[in-house]
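Novice: The structure's right below; bear with me while I get my questions together.
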Amino acid sequence: MHETALAENILTIAASALAPYRIERVNKLVVKAGFLAQIIPEALEFAFTTLSQGHICQGAELVLEIEPIEAKCQNCVTKYQSRSLPLTCPVCGGNVADIISGDEMYLDKIDFNEE
């Protein structure tokens, strides 16, 4: 279950980003992940809730936004987005593509209250 490692990384990155501030409460963390990262939202939420106990992010809402795959058709070089597999070019119907993005994950926003 790689969601546990992902939750640990989210908490580490959040703590580092929040270090310069006097935090009263973290309200929400927004994480963006590509479709190909294959994250199970419920598993990530469970891991985050469990691992955030005693952390500055305890009680914060975790919002996971799934981003589409960006691809480039090898037949007609059309760039397109998809939220499903297999990839199919919307222009020529080709199914051979170069993946441009869609497997990344990053902490996009942190909503918090300062002391």
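Novice: With angles folded into 0 to 90 degrees, how steeply does helix 41-51 sit against the dominant principal axis of the chain? Use alpha carbons for both and round to 10.
Specialist: Helix 41-51 and the main axis of the chain meet at about 20 degrees.
Novice: Name the long-range amide H neighbours of A97: under 5 Å, sequence gap of 5 or more, or other chain; modelled H, no Pro or chain starts.
Specialist: Q74
Novice: While we're here: Report the FRET efficiency, 1/(1 + (r/R0)^6), for S84 and N27, where r is their Cβ-Cβ distance and R0 is 30 Å, rounded to 0.05.
Specialist: 0.40
Novice: Calculate for the chain the 222 nm mean residue ellipticity that helices alone would give, adding -39,500 (n - 2.57) per DSSP H run of length 4 or more and normalising by residue count, nearest 500 deg cm²/dmol.
Specialist: -8000 deg cm²/dmol
Novice: Compute the signed sum of charges (Lys and Arg +1, Asp and Glu -1) over the other residues within less than 13 Å, Cβ to Cβ, of G34.
Specialist: Overall, the nearby charge balance is -4.
Novice: Over the chain, average the accessible area per residue using a 1.4 Å probe and give it in Å², no decimals.
Specialist: About 60 Å² of surface per residue is accessible.
Novice: Then there's this: Mind sorting out which of (1) 56, 27, 17; (2) 31, 31, 26; (3) 45, 35, 23 is the real Cα extents along the principal axes in Å computed from the coordinates?
Specialist: (1)
Novice: Taking amide H positions as placed in the peptide plane 1.01 Å from N, state which residues far from E61 in sequence (5 or more) or on other chains have amide H under 5 Å from it.
Specialist: Amide H to amide H, under 5 Å and 5 or more residues apart or across chains, E61 pairs with K28, L29.
Novice: Ordered by packing density, taken as the mean number of other Cβ atoms within 10 Å over each peptide's residues, highest first, how do 77-86, 30-39 rank?
Specialist: Values: 77-86: 12.2, 30-39: 17.3.
Ranked from most to least packed, the peptides come out as 30-39, 77-86.
Novice: Further question: Taking R0 as 22 Å, what FRET efficiency do you get between E45 and E8 from their Cβ-Cβ distance, rounded to the nearest 0.05?
Specialist: 0.95
Novice: On to the next question. Residue separation times 0.36 nm, minus the C-alpha to C-alpha distance between D98 and N113: what's the value?
Specialist: Working it through step by step, the gained length comes to 1.2 nm.
Novice: For the stretch 28-85, give me the percentage of DSSP beta bridges that are antiparallel, rounded to the nearest 5 percent.
Specialist: Numbers: 4 of 11 bridges.
The antiparallel proportion sits near 35 percent.
Novice: Let me ask another. Ignoring ligands, DNA and RNA, what percent of the accessible area of the stretch 66-115 is carbon or sulfur (1.4 Å)?
Specialist: 44
The values are calculated or read from the model by the stated rules, or taken from the named source; none is laboratory data. In this text the structure is predicted, and so the values were computed from the model without any measurement. Cβ sites come from the backbone with ideal geometry, for glycine too, and all protein chains shown count toward neighbours. The accessibility values were calculated without ligands, DNA or RNA, using every heavy atom of the protein model including side chains. Shrake-Rupley method; radii C 1.70, N 1.55, O 1.52, S 1.80 Å.
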